[in-house]
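The values are calculated or read from the model by the stated rules, or taken from the named source; none is laboratory data. The model shown is predicted, which means the values in this text are computed figures rather than measured ones. Positions of Cβ are backbone-derived with ideal geometry, glycine not excepted, and every protein chain shown enters the neighbour counts.
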Amino acid sequence: MSVRLLPPTLVNQIAAGEVVERPASAVKELVENAIDAGASRIDVVLIEGGQALISVTDDGGGMGPDEMDLAVERHATSKLPDDDLVRIRFLGFRGEALPSIGSVARLTLTSRPKSAESAWSLTVEGGAKAKPVPAALTAGTRVEVRDLFYATPARLKFLKSARAEMAQASDVIERLGMAHPAIGFTLSDGSRKLLDLAPKRGEAKAALLSRIAQVVGRDFEANALELNAERDGVRLTGWAGLPTYNRASPAAQYLFVNGRPVKDRLVIGAVRGAYQDVLSRDRHPVVALFLDLDPEQVDVNVHPAKAEVRFRDSGNVRGLIVGAIRHALAGAGHRASTTVSEATIGALGGTNRPTYSWQAPARPSLPLMRMGEAAQAPFGLAEALPGLDLSPSAPPGDTAEIVPSDYPLGAARAQLHDTYIVAQTADGLVIVDQHAAHERLVLERMRQSMEDGGVKRQGLLLPEVVELGEAGCARVMERADDLAALGLVVEGFGPGAVVVRETPALLGDCDVQGMVRDLADELAEWGQGHSLQERLLHVCATMACHGSVRAGRRLGIPEMNALLRQMEATPLSGQCNHGRPTHVSLSLADIEKLFGRR
C-alpha cells in the first residue's frame, strides 16, 4: 500500500479526536479563547448537555472578516507572536480548537471588533468553510456549535447523560473562573441559569479568595490557611483547607500553573503527602494552589488538551508544596474547622424545633458527675499517663486556679462516659475526645524525638511473641532497623513470628500485639513507593494510636487540664492522626439558640 497524504477534513477530525473529547472540551477551548481575547464577561449556553448547542459569547476584542477566515484554519493563532513555544503567555495557543470543532459539528463564528461598524459571521459544517457575511452583534465574539459529533457519529455513543455532560462543563468554567476572578462567567441550559460567577473587584488577594469561596462554598474562607512561599524561582500562593474540612473525593482540589488550570499527578501527590499524617486515606483535603514560575521551567505543551504540565525541576516543586502546606497546618495549632461545630449544632438542634417532654430518669449504673467535680481517679494515674507533662512548670490542675478566659481551650470541668472531656471557655464550652487528642500529642512527641536523635525505649519485663505469618514477619523484619529508630525493637522468633523486646517509652503500657499486627498490615499497603521519612511518619502514627489513652479511662482534673494545655501548644492538635477532629467548640450563643434563648 502506497504512502499518501490524508485529506484535510480527515486530518481535522483526527485532531478533533485529541482536542474535543466531549462537550466540556469544546467549552474549555472556546472559553480560553474568550479569556485570551480580553473579555470581562463570558456567557455559556448548553442545550442537551452541549450535544445540541454550545454557545459562548464574550465582550472581548473581536475579529474582522479576514481574521475570522484565518481563525478556522489549522494552526492559525495570534498567541505566539515570536513563534516561541517556550515562553507561552496565553491559554489557547495551539490554533486547533476552531477548525477541529468545525470538522465534527456545525460551527458559526460571529465577531465584531470594538472599532468596527458592523459584525461578520462565518460558518463551518463538517469541515466545509463558507465565506464571511455581515451580521448583527455588539462588540465581542459569539461562537455557536450545533450538533456536536454529527460528522463522527461513533463519538456520540461515548457521551454520557446531558446532566453529566453539563456537570463536566460547569467544572471547567469554575476552574477557569477561579484563575480569573475579575471576569464574570455564567452557564445556562437555555431556560435557567445554572452558574453565575459575578466579577470580583478590589484588592487581588481578597477578590481571588472571594471567587474561590463562590465555587467551593462560603465556609471555605473560614476554614482555609493562606499559603505564600517561594523556593528557587518557584512561588506558591493560595489556600489549604484545615484537615477536618475535607471531602470524600479529590474534586475540590484546584491547581493552577501560571494561571492555567491543570490536573497534574505531581501536584496531587504532593498535596496528599502534605496531609498524610493528619487525614484518613478515604478523605481528601480542599485546596486552591497557584504556582508561578518562569515559563522556561514548565512545559504546558505535553498534552493535547493542555490538562497536564511537566516541570523541569519536579523535586523542587513537590518540596515547596509539601513544606508550605505542612508549615501552614503546624501554625494552625489546635484549630479545627467551623464545620465540625456547625455539624454538632445541627445534630443537637435539628432542622425543626423539637417538642419537649420530661420524665424522671432511671437510676444510672454509674454515679453522675457534677460540673466542677474532679473525677475520682486512682492515686498516681496522672503521673503514669504517657505523653503528658505534669511537672511543676505545667499549668495548675485545680480548676479553681484556672481562669477559662486565660486559655483557648478553657478549664476542664468534667469527664463524660470516661471518654469526653468538657471544658469551659471564655464564651462557651469545648468537648474533647481524649483518645483522639492524646493520639496527636504522642505522635508529635515521637516526631520531635526522632528529630532530636531517637525515640527513648523501655524494655519489656516479659518479651512478647507476635504471630504474623511468613509474609507479615518478613515485612516487619525487613524494616527492623527503621522500627528500632522509633523505639520498637523486634527480632525473628521462628517461622512466621517475631518477638518484641522494647517499645517506645512514650507509649507506656500499650497493646503490643495489636500494634505489631497493624504495622505489618500497614507496611504491606504502604509498599516501596514512598520515601523513608514518609514511611517512618506513617509507622509513628500507627504506634501513637496504640499507645494513646483509650476511651473508657477515667481521668482526673489535673490530667484533663494537662491534656488541654498541651493541645494548645502542639501543632496539628485540632485533628487526630486519621483526620478526625479532636474537639468540638460550641459558643454560648449557639447553646442559647438550642434552648430557645435567642
Inset, instruction - Determine, yes or no, whether Glu451 is more than 39 Å from the chain's Cα centre (by Cα), at pLDDT 50 or above and more than 14 Å from Glu559 (Cβ to Cβ). - result: no
Legend entry - Count of the stretch 55-74 residues which are free of Cβ contacts under 8 Å to residues at least 60 places away in the same chain and either at positive phi or among the β-branched types (Val, Ile, Thr) (or both): 1
Legend entry - Members of the stretch 100-126 found to be within 18 Å of Pro65 (Cα to Cα), touching a residue at least 40 places away in the same chain (Cβ under 8 Å) and outside any strand (DSSP E or B), listed by number: Gly102, Pro113, Lys114, Ala116
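Just to verify a result, which residue in the stretch 193-209, among those that are part of a helix (DSSP H, G or I) and out of contact with any strand residue (DSSP E or B) (no Cβ under 9 Å at 6 or more places or on another chain), is surrounded by the most Cβ atoms within 10 Å (Cβ to Cβ)?
Taking the stretch 193-209 and keeping what is part of a helix (DSSP H, G or I), we get 204-209.
Still in the list and also out of contact with any strand residue (DSSP E or B) (no Cβ under 9 Å at 6 or more places or on another chain): 204, 206-207.
Working: Ala204: 10, Ala206: 13, Ala207: 15.
The selected residue is Ala207.
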Inset, instruction - Considering only the stretch 231-334, give the strands (runs of 3 or more DSSP E) lying wholly within it that have at least 1 residues that are hydroxyl-bearing (Ser, Thr, Tyr). - result: 234-241, 253-257
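For the stretch 472-491, indicate whether the set of residues that are under 21 Å from Gln434 (Cα atoms) and modelled with pLDDT under 85 is non-empty.
Initially, the stretch 472-491 is screened for residues under 21 Å from Gln434 (Cα atoms), giving none.
Looking for residues that are under 21 Å from Gln434 (Cα atoms) and modelled with pLDDT under 85, one finds none in the stretch 472-491, hence no.
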Legend entry - Failed item, numbered, when His284 is tested on (1) surrounded by 21 or more Cβ atoms within 10 Å (Cβ to Cβ); (2) modelled with pLDDT under 85; (3) out of contact with any Phe, Trp or Tyr (no Cβ under 6 Å at 6 or more places or on another chain); (4) not hydrophobic (A, V, I, L, M, F, W, C): (2)
Inset, instruction - May I ask you to say which residue of Ala167, Ala139, Ala162 is in contact with a Leu (Cβ under 9 Å, 6 or more places away or on another chain) and under 30 Å from Val215 (Cβ atoms)? - result: Ala162
Legend entry - Meets criteria (modelled with pLDDT of 90 or more, more than 30 Å from Ser115 (Cα to Cα), under 28 Å from the mean Cα position of the chain (by Cα) and of a type outside the set (Asp, Glu)) for Ala24: yes
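Being aliphatic (A, V, I, L, M) and part of a loop (DSSP other than H, G, I, E, B), is that true of even one residue in the stretch 210-226?
First, pick out the residues of the stretch 210-226 that are aliphatic (A, V, I, L, M): 212-213, 215-216, 222, 224-225.
In the following step, the residues that additionally are part of a loop (DSSP other than H, G, I, E, B) were identified as none.
No - not one qualifying residue is present in the stretch 210-226.
Output yes when any residue across the stretch 36-59 is part of a loop (DSSP other than H, G, I, E, B), in contact with a helix residue (DSSP H, G or I) (Cβ under 6 Å, 6 or more places away or on another chain) and surrounded by fewer than 24 Cβ atoms within 10 Å (Cβ to Cβ), and no when none is.
First, the residues of the stretch 36-59 that are part of a loop (DSSP other than H, G, I, E, B): 37-40, 51-52, 59.
Still in the running and in contact with a helix residue (DSSP H, G or I) (Cβ under 6 Å, 6 or more places away or on another chain): none.
No: zero hits.
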Legend entry - Verdict on Arg175 being outside the structural domain of Leu148 (by TED's automatic domain parsing) and either out of contact with any strand residue (DSSP E or B) (no Cβ under 6 Å at 6 or more places or on another chain) or not in a loop (DSSP other than H, G, I, E, B) (or both): no
Legend entry - Filter pass, Val549 being of a type in the set (Val, Ile, Thr), in the same structural domain as Leu409 (by TED's automatic domain parsing), modelled with pLDDT under 75 and farther than 30 Å from Ala471 by Cα: yes
Inset, instruction - Tell me, yes or no, whether the stretch 244-252 has at least one residue that is crowded, with 16+ Cβ neighbours inside 10 Å, at pLDDT below 95, closer than 18 Å to Val317 by Cβ and within 15 Å of the chain's Cα centre (by Cα). - result: no
Inset, instruction - Having 2 or more residues that are free of Cβ contacts under 8 Å to residues at least 24 places away in the same chain and not aromatic (Phe, Trp, Tyr) is the bar; report the strands (runs of 3 or more DSSP E) wholly within the stretch 423-500 that clear it. - result: 457-467, 489-492
Inset, instruction - Hey, can you tell me all the residues within the stretch 212-243 that are more than 14 Å from the chain's Cα centre (by Cα), within 30 Å of Thr186 (Cβ to Cβ) and of a type in the set (S, T, N, Q)? - result: Gln214, Thr237
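Residues are listed down the side, and each one gets a yes or a no for (1) of a type in the set (Gly, Ala, Ser); (2) at positive phi; (3) buried (at least 16 other Cβ atoms within 10 Å of the Cβ):
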site	(1), (2), (3)
Val133	no, no, no
Ala136	yes, no, no
Gly140	yes, yes, yes
Arg163	no, no, no
Ile173	no, no, yes
Met178	no, no, yes
Pro181	no, no, yes
Ser191	yes, no, no
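Got a sec? Which of Glu165, Glu144 is assigned by TED's automatic domain parsing to the domain that holds Val27, modelled with pLDDT of 90 or more and touching a Pro at 6+ places or on another chain (Cβ under 6 Å)?
On the way: Glu144 fails: touching a Pro at 6+ places or on another chain (Cβ under 6 Å).
Just a single option satisfies the conditions, and that option is Glu165.
Quick test for you: out of Arg265, Arg231, pick the one residue that is surrounded by fewer than 19 Cβ atoms within 10 Å (Cβ to Cβ), more than 25 Å from Ser573 (Cβ to Cβ) and in contact with a Gly (Cβ under 9 Å, 6 or more places away or on another chain). Working first, answer last.
Details: Arg265 fails: in contact with a Gly (Cβ under 9 Å, 6 or more places away or on another chain).
Selected residue: Arg231, the only one of Arg265, Arg231 that is surrounded by fewer than 19 Cβ atoms within 10 Å (Cβ to Cβ), more than 25 Å from Ser573 (Cβ to Cβ) and in contact with a Gly (Cβ under 9 Å, 6 or more places away or on another chain).
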Legend entry - Pro99 vs. criteria crowded, with 18+ Cβ neighbours inside 10 Å, in contact with an Asp or Glu (Cβ under 9 Å, 6 or more places away or on another chain) and either within 30 Å of Gln297 (Cβ to Cβ) or at pLDDT below 85 (or both): yes
